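Here's the structure, in structure tokens; my notes come after.
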Amino acid sequence: MGILSLITGKPGASGFGSASTAEQVTDGVDASALTVVVTGASSGIGLETARVFALRGAHVIIAARNTGAASEAKKCIIESNPTAHLDVLNLDLSSVKSVRAFVDQFNSMNLPLNILINNAGVMLCPFQLSEDNVEMQFATNHLGHFLLTNLLLDNMKATAKSTGIEGRIVNLSSIAHHHTSPKGIQFDELNDKKRYNDKMAYGQSKLANILHAKELSRRLREEGANITVNSVHPGLIMTNLMRHSLAMMKAIRVLTYMIWKTAPQGAATTCYVGLDPQLKGVTGKYFADCNEEKTSKLAKSDALAKQLWEFSEELIRSA
């Protein structure tokens, strides 16, 4: 949308812009018939996303690794909105075992599922392998959400079919998806500690989020499923996501303070894409500041999206 629009908050074609908040973009929306899963909703923009969905009447499942913090988040939301309908379930996205356990627990609740917000993530962390032997940023930001989404799809398809309400999946990506290796995804060097660069690994995982949404959108269209899949860039927000690079980010913020957002502003694009009726049928797109935005050339690659899908399936099988 351009640096001027970002700084001034000037609305785009949607009527919203960088200064819009999650409450503003969902004003007048009735979500009381919806069940929503939000990953990483114990703090930051995930918490704000869960709060606003609950404010609009949705039944929100807070899926978080730290259930203590998630329970506190639930308590905080209910204090300001006593009628909020929330549940907390444990989910560690870096663990295939934990993802499967979460889905089993969710399924045991016999709930429908209308909306899945793949929000959780880690950023710029030191090199580390997950328990499934996958580089941690890729494992948490992409692979865990890839498996979670696939395991919840049957429920979402059935819900959309029985209710007639369009299902929506939103992947939290980032403008950082532009900053990757020339190949985009380091399929053969994913776990190479010697070649590890925390910033490029983060960018790689965010590129994977867009490619995942792109390929899943294509598959669902071919099936005729009433589910859309889109990805979003929330903007620059100082949250726990930046705990591994706090000093650097604080220094950057001093120099670029005009383009940083609050949590309500950071959650706006997610809530807009998840709930706005104008986006009915819109799928496979990338949004920033509540408006459709261009992606990198690599993020447009159908071949790379398909290759990532097959690679991700193989990683899951070998976990």
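The values are calculated or read from the model by the stated rules, or taken from the named source; none is laboratory data. Everything quoted here is computed from the prediction, not taken from an experiment. We place every Cβ from the backbone using ideal geometry, glycine too, and count neighbours over all the protein chains shown. When the accessible area is computed, the model is the full protein with side chains, heavy atoms only, and any ligands, DNA or RNA have been set aside. Shrake-Rupley method; radii C 1.70, N 1.55, O 1.52, S 1.80 Å.
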Restricting to lysines and to Cα separations under 25 Å from K75, and discarding same-chain partners fewer than 8 apart, the set is K261
accessible surface per residue for the stretch 57-155, probe 1.4 Å, DNA/RNA/ligands not counted, whole Å² -> 39
Both in Å, the radius of gyration and Dmax of the C-alpha trace of the stretch 1-109 are 16.0, 49
Which of (1) 15.3; (2) 17.7; (3) 19.3 gives mean projected area of the Cα convex hull in nm² as computed here? It is (1)
The pairs in K193/K300; K214/K300; K157/K294; K193/K306 lying past 18 Å Cα-Cα in this model are K193/K300; K157/K294; K193/K306
Using alpha carbon centers only, the stretch 43-77 is separated from the stretch 105-153 by a whole-angstrom value of 17
Neighbours of R218 by Cβ distance under 13 Å: Lys/Arg at +1, Asp/Glu at -1, summed charge +2
Per DSSP loop assignment and a cutoff of at most 11 other beta carbons within 10 Å, the chain keeps its longest run without exposed trypsin sites (Lys or Arg not before Pro) at 1-192
Once the in-chain neighbours fewer than 8 apart are removed, the aspartates and glutamates whose Cα is under 20 Å from K194 read E131, D132, E135
Given unit charges at Cβ for Lys, Arg (+) and Asp, Glu (-), the dipole magnitude of the chain about its Cα centre in debye, nearest 20, is 580
For the chain, whose charge dipole is built from +1 on Lys and Arg Cβ atoms and -1 on Asp and Glu Cβ atoms, the candidate among L143, P82, H177 with its Cα farthest towards the positive end is H177
Restricting to aspartates and glutamates and to Cα separations under 14 Å from K161, and discarding same-chain partners fewer than 8 apart, the set is E223
With L111 itself left out, Lys, Arg at +1 and Asp, Glu at -1 over residues whose Cβ is under 14 Å from its Cβ give -3
In terms of the alpha carbon gyration tensor, root eigenvalues a ≥ b ≥ c, rounded if a/c is under 1.5 and otherwise prolate when a/b exceeds b/c or oblate, the stretch 71-162 is oblate
Residue-ordered couplings for the stretch 296-301, obtained by feeding phi - 60° into the Karplus form 6.51 cos²θ - 1.76 cosθ + 1.60 and rounding to whole Hz (Gly and Pro as x), are 5, 4, 4, 5, 8, 6
A convex hull over the alpha carbons of the stretch 150-235 yields, per residue, a volume in Å³ of 107
Carbon plus sulfur, as percent of the 1.4 Å-probe accessible area of the chain, comes to 52
